[in-house]
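Notes follow once the structure below has been shown.
Coordinate-derived values only; no laboratory data. Fair warning: this is a prediction, and the values are worked out from it, not measured in the lab. Heads up, the Cβs are rebuilt from the backbone with ideal geometry, glycines too, and the neighbour counts pull from every protein chain shown.
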Amino acid sequence: MLRPYKWSDIQKYIQDDSTKAEFVCNGLWGIGHGTYYNWKNQLKEEGSTIDHRTDREDFVPANKLSEQEIQMIKDRYEQLVAQGFSRITGLMIAMSFLDEGDYVCSASTIDRYIREYKLINGSVADAQIADDSLTKKRVCCGVKPEGTAYGPNQVWVADTTYVTTDIKGKYYYLQTIMDLYSRKIVFWEIYDHENANGWKECLEKALLKENIQDASSIQFHTDNGSAYRASTFQAFLESNHIKYTHNRPLVSNDNCYMESFYATLKKSDRVDLRPFCSLDEARKCIGVFMDYYNNEHHHSGINYLTPADVHNGKEQELIDIRNRLKEQAKEKHPERFARFKKIEVQTSVSLTRVNTLLTKEQNYALYKNYKNN
């Protein structure tokens with residue numbers, strides 16, 4: 001390291017031919033012999049030497065952000081925190097800049113500044129280590145449900161979650177239908193009980209709302225709840241020629257998109273899931289979040305676009321605008337974008353991308369072992 005010495009003093013040793021390399025490299029400076037001889041050769045050829053080392057104290061990278069740009073990142077981070085986001089990534093901040101017609105730097109660079117300035121809030125920084133003794137081995141029984149959406153209104157996923165009331169032991173039931181491709185909530189409703197008739201009503205209204213004349217183009221996926229497996233609901237699906245798939249036993253990840261949505265709902269500061277005193281109050285409160293989710297929430301799974309934009313076919317247009325802004329930023333600061341990559345439009349979404357398919361014998365062996373233990 002050359003920190004104790006000024007560069008002008010170092011050049012004097014290089015210009016002195018009587019200076020021995022071993023003394024300079026091993027004793028005085030502690031640098032490599034190759035660096036020393038490169039400086040000597042550069043002095044002979046060009047008449048001067050330039051210190052290109054990146055570990056010196058006064059080194060300033062050519063692609064370093066200005067103080068104003070760093071402050072922009074800090075301000076945007078604080079803005080997103082104030083909006084209630086518990087996990088903020090560099091990609092989220094970069095996309096928010098793109099939507100405003102600006103592109104400061106890459107998402108990985110923003111991630112680095114977030115770590116450097118310790119902007120991560122407690123909910124993300126505090127790692128939670130799972131106790132292995134409390135973790136059960138996932139058992140995959142049965143055939144993995146298959147389904148791929150290449151556009152909106154091809155695959156719908158649905159699920160029910162509890163909503164607490166002001167009466168202990170009594171719950172309302174939030175029933176939600178999501179489009180797999182766009183992540184848009186195509187229909188939702190809250191009931192004071194869950195049964196097949198309620199789901200039949202939800203699906204009928206969803207088809208009517210989306211103006212779908214031929215329901216045979218829809219694949220409807222749920223978990224193994226009794227309301228979905230009831231003969232009344234199954235008869236409705238068959239009469240409308242709707243393809244129905246369901247989770248494997250004990251595998252909630254087969255409906256991972258709905259599980260993720262409910263996690264977003266329950267962790268969001270946009271909705272107060274307090275114990276409700278009436279259905280009207282619950283519908284009004286959750287309705288505000290559903291409107292926000294569809295029209296304002298920038299979803300990480302769809303390139304930080306809103307579900308409504310993707311569902312309405314604006315995905316290509318918006319991503320083209322973002323790519324043009326990224327190209328303009330690269331032309332302005334090419335040193336910042338050595339690994340430039342365009343944003344790609346999603347072509348398809350698989351129903352169960354997180355699971356692996358096991359044979360029937362393997363599934364049965366795992367299931368039997370799970371029951372015995």
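Sorted fewest first by neighbouring Cβ atoms within 10 angstrom, His299, His193, His333 come out as His193, His333, His299. Treating each Cα of the range 152-302 as one equal point scatterer and applying the Debye formula with no solvent, the log10 of I(q)/I(0) at q = 0.12, 0.14, 0.18, 0.19 Å⁻¹ comes out as -0.50, -0.69, -1.15, -1.28.
Sorted largest first, the spans of the alpha carbon positions of the range 252-361 along the three principal axes are 58, 48, 26 Å.
Amide H to amide H distances under 5 Å link Lys243 with Ile218, Phe220, where only residues 5 or more positions off or on other chains count and H is placed in the peptide plane. Near Leu318, within a Cβ-to-Cβ distance under 12 Å, what is the net charge of the other residues, with Lys and Arg +1 and Asp and Glu -1? Taking every Cβ under 12 Å from that of Leu318, the sum is -2.
Quick one: what do you get for the range 146-234 if you divide its Cα Rg by 2.2 N^0.38 Å?
Values: Rg = 13.7 Å, N = 89, 2.2 N^0.38 = 12.1 Å.
In units of the 2.2 N^0.38 Å rule of thumb, it is 1.13.
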